[in-house]
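What follows is a set of notes on a single structure, which appears directly below.
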Amino acid sequence: MKLFLDTANITEIEQAQAMGVLDGVTTNPTLLAKEGRDPVQVVQEICEILEGPVNAEVISTDCEGMLKEARQWAKLSENIVVKIPMTREGMKAVKKLSEEEIPTNVTLVFSPSQALIAAKAGAAYVSPFVGRLDDRSEDGMQLAAQIIQIFNNYGFGTEVLVASVRHPMHVVEAALMGADIATMPYAVFEKLFEHPLTDLGLQQFLADWGKLKR
Ligand code: E4P
């Protein structure tokens with residue numbers, strides 16, 4: 001399973017990249033706004049750091065506007081994947097962009113039927129927002145599992161990108177169910193490395209080695 005960082009923060013991306021296991025980045029308007037800098041400049045910098053997919057989202061709500069923005073994003077770098085919201089206008093744009101070979105990630109997916117429509121429209125990726133469903137006492141990972149099953153049933157090439165990840169168990173469950181990608185905040189990415197028994201074990205090994213008379 002590919003691991004993406006869900007951030008527009010350059011320092012976090014550089015740190016994760018240095019660990020050697022970062023496959024891509026997802027941004028959204030909220031994450032870019034947090035950085036307080038020119039969003040195009042930020043996305044360009046991310047594309048220079050990473051070889052993998054870098055997701056940048058449109059903010060238009062009509063198909064023509066989305067197409068215009070998507071083409072502008074796509075000119076920035078070959079890594080760009082354009083995030084398009086799961087709306088009727090959005091799906092028209094996805095269809096057109098897939099004909100133009102501009103990869104799209106259909107975002108704000110909260111039901112299996114939305115994912116099916118997105119795949120049929122030609123999306124390269126769909127993003128079920130698992131954490132936001134959990135926040136409403138719904139089962140986000142169940143949605144991810146249903147989408148994976150539907151795509152497998154019909155051999156859709158659309159990748160399932162588990163988004164709105166809140167903790168490492170979302171990542172583990174995504175991997176167990178065969179999701180293609182999980183995107184997560186830097187804090188969750190960091191937690192994937194950790195276990196107190198690893199720290200204790202290492203401490204013990206070093207202490208024992210230190211007792212050796214050499
Ligand atoms: C990623 O593509 C999404 O924009 C992101 O995962 C949303 O996460 P949130 O629900 O934590 O805002």
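The values are calculated or read from the model by the stated rules, or taken from the named source; none is laboratory data. Note that this is a predicted model, so its numbers are computed, not measured. Using ideal geometry, Cβ is built from the backbone for each residue, glycine included, and neighbour counts are taken over all protein chains shown. In case anyone asks, the SASA skips ligands and DNA or RNA and just uses the protein heavy atoms, side chains included. Shrake-Rupley method; radii C 1.70, N 1.55, O 1.52, S 1.80 Å.
Numbers for the structure displayed
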item: Set F129, F151, F156: member being closer than 27 Å to E194 by Cβ and aromatic (F, W, Y); result: F129
item: Scan of segment 9-33 for residues that are closer than 22 Å to V162 by Cβ and exposed (fewer than 13 other Cβ atoms within 10 Å of the Cβ), ordered by number; result: M19, G20, V21, T30
item: Test: V188 is farther than 28 Å from A70 by Cβ, β-branched (V, I, T) and open to solvent by less than 60 Å² (accessible area, probe 1.4 Å); result: yes
item: Any chance E159 is among the charged types (D, E, K, R) and either surrounded by 15 or more Cβ atoms within 10 Å (Cβ to Cβ) or away from the ligand (no atom under 16 Å from the Cβ) (or both); result: yes
item: Identity of the residue in segment 80-129, open to solvent by less than 40 Å² (accessible area, probe 1.4 Å) and of a type in the set (S, T, N, Q), that ends up farthest from the ligand (Cβ to nearest atom); result: S111
item: Qualifying residue in segment 35-42 (condition: of a type in the set (G, A, S), at positive phi and open to solvent by 40 Å² or more (accessible area, probe 1.4 Å)); result: yes
item: Lone qualifier among T30, T11 - being within 11 Å of the ligand (Cβ to nearest atom), assigned to a helix (DSSP H, G or I) and out of contact with any His (no Cβ under 8 Å at 6 or more places or on another chain); result: T30
item: In segment 51-61, the residues that are in contact with a helix residue (DSSP H, G or I) (Cβ under 8 Å, 6 or more places away or on another chain), open to solvent by 10 Å² or more (accessible area, probe 1.4 Å) and either farther than 20 Å from V126 by Cβ or not acidic (D, E) (or both); result: I59, S60, T61
item: Residue match in segment 162-173 (condition: at pLDDT 95 or above, among the β-branched types (V, I, T) and open to solvent by 60 Å² or more (accessible area, probe 1.4 Å)); result: yes
item: Only one of D180, D199, D134 that is among the acidic types (D, E) and exposed (fewer than 15 other Cβ atoms within 10 Å of the Cβ); result: D199
item: Members of segment 33-64 found to be among the acidic types (D, E) and within 15 Å of the ligand (Cβ to nearest atom), listed by number; result: E35, E57
